[in-house]
Amino acid sequence: MKLGISACLLGTMCRYDGTNSKDGFIVNTLNKYFDYEPYCPEAEVFGTPRDTIRLVEVQGQTRVRTTYEGVDLTDKLDESCEKNSNRIKNDYLCGFILKASSPTCGMERVKVYQEINAPSEKKGVGRFAMKIKEKYPYLPMEEEGRLKDPWLRENFLMQIFAYKHLHEFLDDSPTIKDLVEFHTQYKYLVYAKSNVSYKTLGNIVANRDSKPLEDILQEYKQAFLEAISQKGSIKKTYNVLLHIFGYFKKLITKEEKKEILEYIDDYKQKLIPLIAVINILNLYTKRFQLDYLLTQKFLSPYPKELALRSDIKAYK
Ligand code: SF4
């Protein structure tokens with residue numbers, strides 16, 4: 001599966017003035033794990049270079065107009081956004097990274113102007129971003145600007161890797177036994193996001209009503225996508241760490257116990273990053289060969305080279 005990207009973030013010279021907005025994290029780091037599919041709804045319909053456009057509030061409706069002449073381009077741009085958003089389902093994407101602040105690609109806080117001379121307000125959504133959200137509500141989506149925030153980046157990466165894994169798993173004609181195995185790996189990752197989702201997914205897999213496999217898989221897909229679209233938090237993660245600790249607390253000495261609990265507490269106080277605690281837990285998991293924990297995605301949700309959990313700010 002690929003990641004959809006606003007083309008200017010990849011270095012394509014498709015901005016209104018013929019420049020790009022190349023993003024280091026996308027072109028130097030994330031590219032080692034994903035192929036990209038570029039999208040630029042503006043260049044496709046207006047060419048490059050072109051007049052700048054902006055969102056304008058007109059009689060309670062948001063329209064797209066050229067900045068200087070005020071020509072209304074809403075319908076033309078919407079047509080291109082519609083076409084590009086339809087392309088997404090054929091491109092088999094597992095997520096989308098959009099260019100922040102753009103009247104086309106911005107996910108939030110895009111400037112909206114008034115017809116008369118008045119200060120703009122950052123309350124708009126780009127036309128393309130809006131279409132993607134409407135058509136694919138569970139497709140992981142972020143802006144390159146927001147990905148500079150370690151917490152949002154951690155959540156987004158966890159989501160795209162899990163989203164990709166789920167789709168590849170479902171494409172492989174799984175049996176109910178396969179589903180139980182898949183679900184088992186994600187128990188703590190889901191628990192770190194939502195207790196409710198954790199219970200819902202557990203009930204679906206238990207299949208007490210003996211529903212057909214096809215229905216179970218469909219229900220599971222929906223509930224899993226909802227679960228991974230939620231953000232984690234220090235509090236929820238702290239609870240998961242204590243649960244994991246519970247697996248070997250009877251197998252270790254009093255001193256070891258005290259040391260681990262101190263680590264977990266330091267994480268809660270934001271004194272050390274999550275990776276420091278995970279490393280300790282992984283050490284004990286391996287020492288006692290706790291197979292159940294060894295399979296948990298929570299302990300390694302994405303390639304460790306991305307090392308996001310080494311940033312203290314990666315949890316809120
Ligand atoms: S922000 Fe979107 S529409 Fe604008 S240049 Fe980049 S890809 Fe094209």
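The values are calculated or read from the model by the stated rules, or taken from the named source; none is laboratory data. As the structure is a prediction and not an experimental result, all values here were calculated from the model. Here Cβ is always computed from backbone atoms with ideal geometry, including for glycine, and neighbour counts include all displayed protein chains. To get the accessible areas, we keep the full protein, side chains included, count just its heavy atoms, and leave off ligands, DNA and RNA. Shrake-Rupley method; radii C 1.70, N 1.55, O 1.52, S 1.80 Å.
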Open item on the list: So in the stretch 250-269, with the set limited to residues that are in contact with a helix residue (DSSP H, G or I) (Cβ under 6 Å, 6 or more places away or on another chain) and open to solvent by 70 Å² or more (accessible area, probe 1.4 Å), which one is farthest from residue 151 (Cα to Cα)?
Closed with: 263
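A quick yes/no check of all residues on (1) part of a helix (DSSP H, G or I); (2) small (Gly, Ala, Ser); (3) closer than 23 Å to residue 36 by Cα; (4) modelled with pLDDT of 95 or more:
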site	(1), (2), (3), (4)
68	no, no, no, no
75	yes, no, no, yes
88	yes, no, yes, yes
100	no, yes, yes, yes
Task: Matching option when the condition is among the basic types (Lys, Arg) and more than 10 Å from the ligand (Cβ to nearest atom), among 127, 87 - done: 87
TODO: For the stretch 17-30, indicate whether the set of residues that are more than 23 Å from residue 142 (Cβ to Cβ), surrounded by fewer than 19 Cβ atoms within 10 Å (Cβ to Cβ) and within 11 Å of the ligand (Cβ to nearest atom) is non-empty.
DONE: yes
- [ ] Would you check if there is a residue in the stretch 144-160 being loosely packed, with under 14 Cβ neighbours inside 10 Å, touching an Asp or Glu at 6+ places or on another chain (Cβ under 9 Å) and farther than 16 Å from residue 230 by Cα?
- [x] no
- [ ] Sort out which residues of the stretch 87-121 are loosely packed, with under 15 Cβ neighbours inside 10 Å, in contact (Cβ under 8 Å) with a residue 12 or more places away in the chain and over 23 Å from residue 228 (Cβ atoms), and write them in order of number.
- [x] 87, 114, 115
TODO: Examine the stretch 223-246 for a residue that is modelled with pLDDT of 90 or more, farther than 20 Å from residue 186 by Cα and part of a loop (DSSP other than H, G, I, E, B), and state whether such a residue exists.
DONE: no
Open item on the list: Can you tell me how many residues within the stretch 265-280 are in a helix (DSSP H, G or I) and over 14 Å from residue 239 (Cα atoms)?
Closed with: 4
Task: The one condition in (1) within 17 Å of residue 166 (Cβ to Cβ); (2) in contact (Cβ under 8 Å) with a residue 40 or more places away in the chain; (3) crowded, with 19+ Cβ neighbours inside 10 Å that residue 240 fails to fulfil - done: (1)
- [ ] Take the stretch 31-47 and flag every residue that is open to solvent by less than 70 Å² (accessible area, probe 1.4 Å), under 30 Å from residue 160 (Cα atoms) and within 15 Å of the ligand (Cβ to nearest atom).
- [x] 36, 37, 38, 39, 40, 41, 42, 43, 45
Task: Residue in the stretch 63-73 that is hydrophobic (A, V, I, L, M, F, W, C), surrounded by fewer than 14 Cβ atoms within 10 Å (Cβ to Cβ) and away from the ligand (no atom under 13 Å from the Cβ) present - done: yes
Open item on the list: Here is a list: 115, 144. Which entry is away from the ligand (no atom under 16 Å from the Cβ) and either of a type in the set (Asp, Glu) or under 21 Å from residue 20 (Cβ atoms) (or both)?
Closed with: 115
Task: So residue 53, is it under 19 Å from the mean Cα position of the chain (by Cα), in contact (Cβ under 8 Å) with a residue 12 or more places away in the chain and within 18 Å of residue 126 (Cβ to Cβ) - done: no
TODO: Can you tell me which residue among 146, 127 is within 12 Å of the chain's Cα centre (by Cα) and basic (Lys, Arg)?
DONE: 146
Open item on the list: Residue under question is residue 50, and the condition is that it be open to solvent by less than 70 Å² (accessible area, probe 1.4 Å) and more than 10 Å from the ligand (Cβ to nearest atom); does it hold?
Closed with: no
